[in-house]
Amino acid sequence: MRLIVAGASGRMGRALIRAVAETEGAELAGALERPGSEHLGRDAGELAGAGPLGVAVTDDALPLVAAADGLLDFTAPDATVALAELAAQARIVHVIGTTGFASAHVAAIEAAARHAVVIRSGNMSLGVNLLAALVRQAAKALGPDWDIEILEMHHRAKVDAPSGTALLLGQAAAEGRDVSLAEQSVRVRDGHTGPRAEGAIGFATLRGGSVVGDHTVILAGAGERVELSHRAEDRMIFARGAVKAALWGFRRKPGHYGMADVLGLHEG
Ligand SMILES: NC(=O)C1=CN([C@@H]2O[C@H](COP(=O)(O)OP(=O)(O)OC[C@H]3O[C@@H](n4cnc5c(N)ncnc54)[C@H](OP(=O)(O)O)[C@@H]3O)[C@@H](O)[C@H]2O)C=CC1
Ligand SMILES: O=C(O)C1=N[C@H](C(=O)O)C[C@H](O)C1
């Protein structure tokens, strides 16, 4: 499968190039960066520490998309929406790891998914997607008397909050309780907040240092607490998940899929 990596010089872009290079059945067909990037023209493999791959970083998406089978995209919301339109026109698989979308971005991605395979997840690791299934089960089993709080910590350069993973875990908890996350979520607390709202799903965000990604879902009952955690130690877990998703999506029918589809984690 011929794959393009967007945001090739980014933290994830470099990991994705290495993941494509190490995966049988995948081949690097292009590496994209924004116009003006200091990395344009460089060999993508050398940029990523994978050795020369004979693919130069470019800002010209059109010819790449026309000749590829899939696009791995961990960039930024506006860039992802523009790439979704191109991927849909070319009917190639678009794997989206980007987070921090507003509802208008999601609507544009859903429109693109009517024409091509889109696989989007706030976290492409096996561990977090298994954790989401466990959170859904715990929220359902423990019921509304147990308060749910989601704590996440990431490196100092992360620009969006709560993380895509925290929102994914919040969604799993809401599904377990059969409530709407949008109606129950409390994303910020400050000042005289009053007591905790009944049924709330709370989020807390920490930023600092080089933390790849830590998430804990706390279910707090009267006199006891259950904590379900995941700690990412290496960005390759996300990159390998993204390549796996692209291979899974190749020649599948158009639609908006998630990692639970790729990993077969849908349970009752
Ligand atoms: N779903 C998952 O499993 C994971 C998701 N992520 C998400 O992936 C995204 C990227 O993370 P990370 O690699 O750490 O971030 P980086 O900032 O290191 O990389 C982002 C890359 O995208 C490029 N980019 C940004 N905006 C544009 C644009 N408008 N047009 C073209 N290129 C653009 C950046 O270029 P420039 O530097 O020039 O701005 C950069 O090369 C984030 O949303 C993050 O939350 C991260 C890890 C795992
Ligand atoms: O920006 C990051 O680094 C990460 N972003 C994703 C998120 O928002 O959850 C996934 C991972 O935790 C790393």
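What to note about this one:
- The accessible area of ARG189, taken with all protein chains in place and a 1.4 Å probe, comes to roughly 110 Å².
- Its relative contact order, with pairs defined as Cα atoms under 8 Å and 6+ residues apart, puts the range 17-77 at 31 percent.
- Every helix of 4 or more DSSP H residues in the chain counts as -39500 (n - 2.57), and over all residues that averages to -11000 deg cm²/dmol at 222 nm.
- Taking only the C-alpha atoms of the range 69-199, Rg followed by Dmax gives 16.7, 53 Å.
- Shape of the chain, Cα gyration tensor, a/c cut at 1.5: prolate
- Value of relative contact order over the range 215-268, rounded to a whole percent, pairs C-alpha under 8 Å and six or more apart: 21 percent
- Accessible surface of the range 112-251, 1.4 Å probe, proportion on carbon and sulfur as whole %: 50 percent
- The residues of the range 16-145 expose on average 44 square angstrom of accessible surface per residue, using a 1.4 Å probe on protein heavy atoms.
- Take the Cα of ARG189, go 7 Å toward its beta carbon, and the backbone nitrogen atoms of the range 221-244 under 18 Å from that spot belong to 221-228.
- Taking a ≥ b ≥ c as the square roots of the Cα gyration tensor eigenvalues, the range 211-265 comes out oblate, since a/c reaches at least 1.5 and a/b does not exceed b/c.
- Helix 77-90 axis versus longest C-alpha principal axis of the chain: approximately 50°, rounded to the nearest ten.
- Heavy-atom SASA rank of ASP147, ASP178, ASP78 (probe 1.4 Å, accessible area, largest first): ASP178, ASP78, ASP147
- Seen against the Cα atoms of the chain and their longest principal axis, helix 164-177 is set at about 50 degrees.
- Between 0 and 90°, nearest 10: helix 126-142 axis offset from the chain longest Cα axis: 20 degrees
- In percent, rounded to a whole number, the relative contact order of the range 182-233 is 27, using alpha-carbon pairs under 8 Å and six or more apart.
- Cut-off under 5 Å, modelled amide H: who pairs with VAL117 long-range: HIS94, GLY255
- Per residue, the range 159-268 exposes 56 Å² of accessible surface when a 1.4 Å probe is rolled over the protein heavy atoms with every protein chain present.
- Per-pair calculated FRET efficiency, R0 = 22 Å: ARG196 and ALA107 via Cβ, rounded to 0.05: 0.10
- Between ALA157 and ALA222, the FRET efficiency estimated from the beta carbon spacing at R0 = 30 angstrom works out to 0.15.
The values are calculated or read from the model by the stated rules, or taken from the named source; none is laboratory data. Everything numeric here is computed off the predicted structure, so don't read it as measured data. Counting neighbours? That spans all protein chains shown, and the Cβs are built from the backbone with ideal geometry, glycine included. Surface areas here come from the heavy atoms of the whole protein model, side chains and all, with no ligands, DNA or RNA. Shrake-Rupley method; radii C 1.70, N 1.55, O 1.52, S 1.80 Å.
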